[in-house]
Amino acid sequence: MPLRNGKQFLMIPGPTNIPDEVLRAMHRPAVDIYEGPLLETTEACQRGLKRLFRTEGKPYIYAANGHGAWDAALSNTLCKGDKVLVLQSGLFATGWGEAAKLIGLDVEVLPAAWNEAVDPTRLAGRLQADTSHEIKAILVVQVDTASGVWNDIAALRKAIDAAGHPALFMVDTIASLGCLPFEMDAWGVDVALTGSQKGLMCPPGLSFVAANEKADKAHETANLRTNYMDWTFRKGEIHYQKYCGTPPEQMLFAFQKALELIFEEGLEKVWHRHALLAEATRRAVDIWSTEGAMSFNITDPRARSNSVTVLKFNGHDPQHLRDFTELTCGVTIGGTIGDSRGQGIRIAHMGHVNAVMLLGTLATIELGLSKLGIPHGKGGVQAATDYLAAAI
Ligand SMILES: *Cc1c(COP(=O)(O)O)cnc(C)c1O
């Protein structure tokens with residue numbers, strides 16, 4: 001008996017729920033691209049990006065998804081044949097490495113298991129061995145949406161400094177910006193990038209790159225530059241140069257509204273809301289896992305992300321649970337991807353998510369586990385609400 005008619009929730013790690021205000025902000029006719037209100041929108045978006053990334057560096061806006069931002073970061077700062085070191089932790093850093101290979105970079109992967117964070121000590125060791133400073137850039141994701149890991153970016157920076165290595169430090173914050181703390185300048189990140197459709201609550205289609213002075217310096221000699229991605233052209237005075245052509249106007253209106261929502265709530269409060277909802281999720285999973293049919297993908301509790309929780313199933317097909325929550329109850333939860341495809345679920349608590357949506361999702365999962373006879377400890381939702389009652 002379907003119970004799905006009502007508000008549908010999309011609890012997958014991107015794209016995420018879009019606030020009605022953001023959708024409405026897009027519902028406007030096109031405007032002039034050389035003068036008028038769009039110029040203010042661009043300024044508001046750039047100011048907002050600096051506040052989000054916590055940087056005095058320069059932000060760039062692309063009509064592209066996250067993959068486009070990867071290309072922009074690499075092509076603007078590196079030369080053909082340069083060596084880049086990819087810090088593996090799930091799926092996405094290696095995906096970025098594949099993009100690097102395709103444009104002629106020499107990619108080395110520092111391997112790590114699918115269930116653990118990047119180890120700063122191993123990074124320091126690899127960099128110390130690179131005495132001739134062949135490695136020109138280090139690529140890492142803050143949160144990997146496939147594995148659910150949360151890498152410690154500040155600790156990785158310390159490892160780079162401890163080795164005295166000059167490589168550019170580039171961080172993908174697509175699944176973390178606007179969800180959990182990120183400090184581009186304080187942590188010494190040279191290039192940071194993100195996308196519109198995860199923590200930033202917008203439709204997919206925009207991505208953002210921020211570059212500090214060191215990255216800008218590297219840009220001067222980079223020879224992989226392309227017309228569309230190029231920072232030099234985008235630094236020009238004329239408004240349309242900032243987009244290398246017609247700006248994605250309605251997307252910008254959406255992003256401007258999303259920034260307003262984030263800063264009205266307060267960025268730290270947004271981080272705290274994510275921390276509370278993520279911990280409530282983990283409390284429920286702790287209880288469900290006691291029967292052995294499921295477990296956290298990330299073994300170290302300190303390395304579990306506040307934006308997505310990834311579970312592995314043992315002996316049961318997670319697809320049945322996902323079908324049940326979506327088709328019978330109206331909430332879509334993520335399946336696992338990459339090497340662990342079909343082996344678990346991903347519960348996103350990312351972006352425009354409140355207690356109702358999260359507790360409703362957890363209760364629906366619990367209902368599904370009972371209905372489908374998947375063994376689980378009873379009282380996961382109770383544990384989540386007990387936690388929140390004490391924490392808020
Ligand atoms: C989603 C995601 C990407 C890919 O973004 P697209 O917009 O799909 O290109 C890259 N990195 C991370 C960490 C992600 O979560």
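The values are calculated or read from the model by the stated rules, or taken from the named source; none is laboratory data. Everything numeric in this text was worked out from a predicted model, so none of it was measured. When we count neighbours, we look across all protein chains shown, and the Cβ atoms used for this are built from the backbone with ideal geometry, even at glycine. For accessibility, only protein heavy atoms count, side chains too; no ligands or nucleic acids. Shrake-Rupley method; radii C 1.70, N 1.55, O 1.52, S 1.80 Å.
May I ask which residue of GLY36, GLY90, THR309 lies farthest towards the positive end of the charge dipole of the chain, with charges of +1 (Lys, Arg) and -1 (Asp, Glu) on Cβ and the Cα centre as origin? The residue sitting farthest along the positive end of the dipole is THR309. Think of the chain as a dipole: +1 on every Lys or Arg Cβ, -1 on every Asp or Glu Cβ, centred on the Cα centre; then among ALA73, VAL149, PHE9, PHE9 lies furthest on the positive end. By the rule of a C-alpha distance below 18 Å, with chain neighbours fewer than 8 residues away ignored, the lysines paired with LYS257 are LYS50, LYS198, LYS269. How high is the relative contact order of the stretch 1-94, in percent, with contacts defined as C-alpha pairs under 8 Å that are six or more residues apart? Once normalised by length, the contact order is 8 percent. Counting Cα-Cα pairs of the stretch 90-229 in 10 Å increments starting at 0 gives whole-percent bin shares of 11, 41, 39, 9, 0. For the chain, the relative contact order works out to 24 percent when only alpha carbon pairs closer than 8 Å and six or more residues apart are counted. Charges were assigned to the Cβ only: +1 to each Lys and Arg, -1 to each Asp and Glu. The resulting dipole of the stretch 268-316 about its Cα centre is roughly 140 debye.
Each residue of the stretch 1-50 gets 123 Å³ once the volume of the Cα convex hull is shared out per residue. Packing around the peptides 348-359, 161-172, 371-382, taken as the average count of other Cβ atoms within 10 Å per residue, puts them in this order, highest first: 348-359, 161-172, 371-382. On a per residue basis, the stretch 85-132 carries 43 Å² of accessible surface, using protein heavy atoms and a 1.4 Å probe. The share of accessible area on the stretch 20-263 that comes from carbon and sulfur is 53 percent, using a 1.4 angstrom probe. Placing unit charges on the Cβ atoms only, positive for Lys and Arg and negative for Asp and Glu, gives the stretch 247-344 a dipole magnitude near 200 debye about its Cα centre.
The stretch 195-317 gives an Rg/Rh value of 1.13, both radii derived from C-alpha positions and Rh following Kirkwood. Across the options ALA175, VAL381, THR336, the greatest Cα extent toward the positive end of the charge dipole of the chain (unit charges at beta carbon of Lys, Arg, Asp, Glu) belongs to VAL381. What you get for the stretch 20-263, charging only the Cβ of Lys and Arg (+1) and of Asp and Glu (-1), is a dipole of about 40 debye around the Cα centre. Over all projection directions, the Cα-based convex hull of the stretch 11-77 averages an area of 6.5 nm². The equivalent ellipsoid that matches the C-alpha gyration tensor of the stretch 49-142 spans semi-axes of 22, 17, 15 angstrom, in descending order. When its C-alpha radius of gyration is set against 2.2 N^0.38 Å (N residues), the chain gives a value of 1.00.
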